[in-house]
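Please read the structure below before turning to the comments.
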Amino acid sequence: MQFAREGYEILDRKREVLTNELVRVAHEAEGLQQEVWKLMTPAYRALEMAQLTLGSDHVEWAALAANKTVDVHLKFRGIMGLPYRHRSQR
């Protein structure tokens, strides 16, 4: 019975740590999402102006001519022995 109690306490502490980490990551994601929207708003306005000025076809051809890629790297780390994947962008 003592072994079962100790196991339960360990699992309960892990649950608390994981819950706290999840909340922290959610807050971080929310902040990043707001930052993305701040950056995207002027880009959407510029795209809108380009479409009005040049027409959708010219804008589409210009977009197809642009050669831009985004590298996404995954970082793995552990939290209390459980794997956790963190994505970063370069």
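Let's see how each residue does on (1) on the phi > 0 side of the Ramachandran plot; (2) aliphatic (A, V, I, L, M); (3) open to solvent by 90 Å² or more (accessible area, probe 1.4 Å); (4) outside any helix (DSSP H, G or I):
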site: Thr19; (1), (2), (3), (4): no, no, no, no
site: Arg24; (1), (2), (3), (4): no, no, yes, no
site: His27; (1), (2), (3), (4): no, no, yes, no
site: Lys38; (1), (2), (3), (4): no, no, yes, no
site: Thr41; (1), (2), (3), (4): no, no, no, no
site: Leu47; (1), (2), (3), (4): no, yes, no, no
site: Leu52; (1), (2), (3), (4): no, yes, yes, no
Filtering region 54-80 down to residues that are on the phi > 0 side of the Ramachandran plot and not small (Gly, Ala, Ser) yields Met80
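The values are calculated or read from the model by the stated rules, or taken from the named source; none is laboratory data. Please read all numbers here as calculations on a predicted model, not as lab measurements. Ligands, DNA and RNA are stripped out before the accessible areas are found, and what is left, the full protein with its side chains, is counted by its heavy atoms. Shrake-Rupley method; radii C 1.70, N 1.55, O 1.52, S 1.80 Å.
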